[in-house]
Amino acid sequence: MHNWLICSRRMESALASRPPPKSGSDWDDKDLQRYNIKIVYQNTLDFFGVSDSELPLPRVPDEVLTVEYPRAAQHDDAYLLLSTMNHVVNNNQGKDSSVVDFIAHLFRVLGYVGRAEGRSTRNRIQVPISKYYPEILAKPDICIMDKKDQIVLLVQEDKTNLYSSHSTHPEVELIAGAIAAFVSNKSFIQRTSRLGDILVDQVMAGIVMRGTMPVFYKIPITAQLVDAVSRGMKPEQETIVDAYIPEFPEQPSDVSVKQSFECLKSRRVILSCFEAFKKFF
């Protein structure tokens, strides 16, 4: 007991001597340098392990691949997905975004969530970045929870179009959210496990949505990185985050990034990437 008290007081002293971590929405590129995190963009083969031509066919209703606009859809899944897509594409100003609604419908259509998968979505939850600072939070726009209440995937929206006067760093916020998700998962396992299980590391799946266009991430989180963030220190080991932007060899030049899902050829590529991403969570 005496040794535990000494260690606890040493930890309190170390934390008091350094600034606390910032909330997820305040992270920027300097925080990646501060915590020795590097984002590396990869090609299809390096990220998914298959070539462009080998990407899996999306397991979605045919209408999702063939119908351009909601009024032409005959079934609810396609109609709701394409309706929320339209809201995203047409929402150029205002305080609210339709991306959350769009990606939630997309996850259901793709089979990312549902009873059979034992997974569900949570929107805009608040998750502490450090167990030592429960008031300092990350706020992912969407996360997927498994049946054990573990966070397995996070989504961060690029809100640049909504708040043009405010600089946003969605992929940095996503990484902060992944760290917070690891802290949450580890804490839950420690509270509920009867075998004394400890979560040492986890590769968190993440997505940044730029309108209807996804950017995929594989974010390795370790206990050492989480500890370094809590202490405000730079870890010795570099964390490499893999990232991937879908490639559209046949996308028309007049189709913006925000509108990518509207173009049927681009939509098929995006959905194939989502299908391939399933194996990472």
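Values in this text are rule-based calculations from the coordinates and carry no lab data. In this text the structure is predicted, and so the values were computed from the model without any measurement. Here Cβ is always computed from backbone atoms with ideal geometry, including for glycine, and neighbour counts include all displayed protein chains.
Could you calculate the FRET efficiency of R59 with K38 from 1/(1 + (r/R0)^6), where r is the beta carbon distance between them and R0 is 25 Å, rounded to 0.05? So the FRET efficiency works out to roughly 0.15.
The stretch between Q190 and K279 holds 29.4 nm of extra length on full extension. This uses 0.36 nm per residue minus the Cα-Cα distance. Each label was represented as a point 7 Å from its Cα along the Cα-to-Cβ direction; for D26 and T160 these points are 2.4 nm apart. Electrostatic bookkeeping for L106 treats Lys and Arg as +1 and Asp and Glu as -1; over the other residues with beta carbon under 12 Å from its beta carbon, the sum is -1.
Subtracting the Cα-Cα distance of E135 and E117 from 0.36 nm times their residue separation leaves 3.2 nm of extension gain.
Starting from the Cα of Q74, step 7 Å toward the Cβ, then list every residue of region 100-116 with an amide N under 20 Å from that point. Counting only backbone N, you get 109.
With the simple model of a label 7 Å out from the Cα in the direction of the Cβ, N90 to Q224 spans 5.2 nm.
Estimated from the Cβ-Cβ distance and a Förster radius of 35 angstrom, the FRET efficiency linking D52 and E238 is about 0.75.
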